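Visitor: Got a structure for you, written out below as C-alpha cells; questions coming shortly.
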C-alpha cells in the first residue's frame, strides 16, 4: 500500500490550495493509498533558522511529528501558491527548520559532496499561480520549482519529482476551478 503525505503550504485555510489538497486526498484514498497530512499553517514552530547550521535549535513537537510523517511516507505531495516567484514564508521556514543535515542530507567531511538521506521517496508539487503555467516557465524559468524540486527535494534524494502548475487562479471561473479539482483528484488516483 502506497504511503502518501500531503503537505499544504498555504497560510489561508480558505484558499483554493486547501480544496486542491482535499481533491488529491480523495483520489489517493480511492486508489487504496494510506494518507497523512501536514498543514503547515496549523503547526506551532519558529520558522526562523536562527543560527543556520552552526548551532542546532531544538525542534518543536509539531516539527518532530512532521519529521515522523516525512520518514513514514513513500510519496510527498506539496501543495502551495507561488508568491513573488517563490514559496510562502511559512512554507520556506518549515523547510529551513526541518530539512537539516543529519535528517534529509549529510555533508561529507572534507568534501564538496553530500549524502542524500531521502532516497527512495518520490514527490509531486502542485502550485497555484496568478499567470498561465507556460508564461511562468518561459518568462521566469519557474523559480519556485527550481527551489523546491531541484534545490531541496532532489538535493535530498527525492526522485522523481513531478510538477503540476494551476493557473491563472485570479479571476478563474467556478467551472474552471471544478475542472482543476477533478484533474488533481485524478492525480491522487494515478500518482
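Visitor: Filter region 116-153 for residues that are in a loop (DSSP other than H, G, I, E, B) and out of contact with any strand residue (DSSP E or B) (no Cβ under 9 Å at 6 or more places or on another chain); which is nearest to residue 20 (Cα to Cα)? Before you say what the answer is, go through the steps one by one.
Guide: Looking only at region 116-153, we keep the residues that are in a loop (DSSP other than H, G, I, E, B), and these are 117-121, 129-132, 141-142.
Okay, now just the ones that are also out of contact with any strand residue (DSSP E or B) (no Cβ under 9 Å at 6 or more places or on another chain), so 119-120, 131, 141.
On the way: 119: 27, 120: 25, 131: 17, 141: 24 Å.
Residue satisfying both the conditions and the ranking: 131.
Visitor: Scan region 144-170 residue by residue and report those that are closer than 15 Å to residue 81 by Cβ and surrounded by 15 or more Cβ atoms within 10 Å (Cβ to Cβ). Write out each step before concluding.
Guide: Going residue by residue through region 144-170, those that are closer than 15 Å to residue 81 by Cβ are 144-145, 147-148, 163-170.
Matches in region 144-170: 144, 145, 147, 148, 163, 164, 165, 166, 167, 168, 169.
Visitor: Just one of the numbered conditions (1) in a helix (DSSP H, G or I); (2) over 17 Å from residue 17 (Cβ atoms); (3) at pLDDT 95 or above is not true of residue 157; which one?
Guide: If we test residue 157 against (1) in a helix (DSSP H, G or I); (2) over 17 Å from residue 17 (Cβ atoms); (3) at pLDDT 95 or above, just (1) comes out false.
Visitor: What are the residue pairs meeting all of these: first residue in region 13-33, first residue on the phi > 0 side of the Ramachandran plot and free of Cβ contacts under 8 Å to residues at least 60 places away in the same chain, second residue surrounded by fewer than 18 Cβ atoms within 10 Å (Cβ to Cβ) and assigned to a loop (DSSP other than H, G, I, E, B), Cβ atoms under 9 Å, and 6 or more apart or on different chains?
Guide: These pairs meet every condition: 32/1; 32/2.
Visitor: Now, a different point. In region 49-80, what residues are modelled with pLDDT of 95 or more and assigned to a loop (DSSP other than H, G, I, E, B)? Give the derivation first.
Guide: In the first step, residues of region 49-80 are kept if they are modelled with pLDDT of 95 or more; the result is 59-80.
Once the filter is applied, which keeps residues that are modelled with pLDDT of 95 or more and assigned to a loop (DSSP other than H, G, I, E, B), region 49-80 yields 59, 60, 73, 74.
The values are calculated or read from the model by the stated rules, or taken from the named source; none is laboratory data. These numbers come from a predicted model, not from an experiment. So basically every Cβ, Gly included, is an ideal-geometry build from the backbone, and we count neighbours across all protein chains shown.
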